[in-house]
Amino acid sequence: MFRRFREWVARFMIGRYGNDQLNRFLFGFYFALWILSVLFGGWAGLIIDMLATAAAVWLLFRMLSRNYTARQAENLWFLRWWTPTRKWFAHQFTRIKDVKRYRYRRCPGCKGMLRLPIKRGRRTVTCHHCHAQFQAFFL
């Protein structure tokens, strides 16, 4: 029984776009909005639920679309926005994790971010990117 259903789904999806990073993001966005609509009642919950439904409809439209070039262009646009945003959040989580062992300082020469081990007091730091030296103070 399940084998026939799987075969039917496989035949149905032939030539369709399927899943990509934007669809995964839309699913997470839909799920978060759905949780919020359950938590909030009344008009706010209804509006949030409508936004969640719109995200789900867009997700299904993209997944079942046969226009590969348009869906790939949408995904490329999303990745141009999402990749730096994801890297920024990953860097912030790393900084929080390293708060007991390292301090982060910007190099005044090249504006690069340096991860420096905590050694109390004032010390001279050399940037490994541009080899500029500057004073750093740690409490």
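The values are calculated or read from the model by the stated rules, or taken from the named source; none is laboratory data. Given the structure is predicted, the values throughout are model-derived calculations rather than measurements. Cβ coordinates were reconstructed from backbone atoms using ideal geometry, including for glycine residues, and neighbour counts include every protein chain displayed. Areas reflect the complete protein model, heavy atoms only, side chains present, ligands, DNA and RNA absent. Shrake-Rupley method; radii C 1.70, N 1.55, O 1.52, S 1.80 Å.
Would you mind stating whether G121 is of a type outside the set (D, E, K, R) and at positive phi?
Details: of a type outside the set (D, E, K, R): yes; at positive phi: yes.
It is true that G121 is of a type outside the set (D, E, K, R) and at positive phi.
One line per residue, one yes/no per condition, for (1) at pLDDT 95 or above; (2) among the charged types (D, E, K, R); (3) in contact with a Cys (Cβ under 9 Å, 6 or more places away or on another chain); (4) within 30 Å of L139 (Cβ to Cβ):
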position: R4; (1), (2), (3), (4): no, yes, no, no
position: F40; (1), (2), (3), (4): no, no, no, no
position: A44; (1), (2), (3), (4): no, no, no, no
position: F61; (1), (2), (3), (4): no, no, no, no
position: D98; (1), (2), (3), (4): no, yes, no, yes
position: K111; (1), (2), (3), (4): no, yes, no, yes
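Right, A32: of a type in the set (A, V, I, L, M), open to solvent by less than 70 Å² (accessible area, probe 1.4 Å) and either in contact with a helix residue (DSSP H, G or I) (Cβ under 9 Å, 6 or more places away or on another chain) or under 21 Å from F12 (Cβ atoms) (or both) or not? Before you say what the answer is, go through the steps one by one.
Numbers: of a type in the set (A, V, I, L, M): yes; open to solvent by less than 70 Å² (accessible area, probe 1.4 Å): yes; either in contact with a helix residue (DSSP H, G or I) (Cβ under 9 Å, 6 or more places away or on another chain) or under 21 Å from F12 (Cβ atoms) (or both): yes.
Yes.
Among (1) under 21 Å from the mean Cα position of the chain (by Cα); (2) farther than 21 Å from L114 by Cα, which single condition is W88 missing?
Failed condition: (2).
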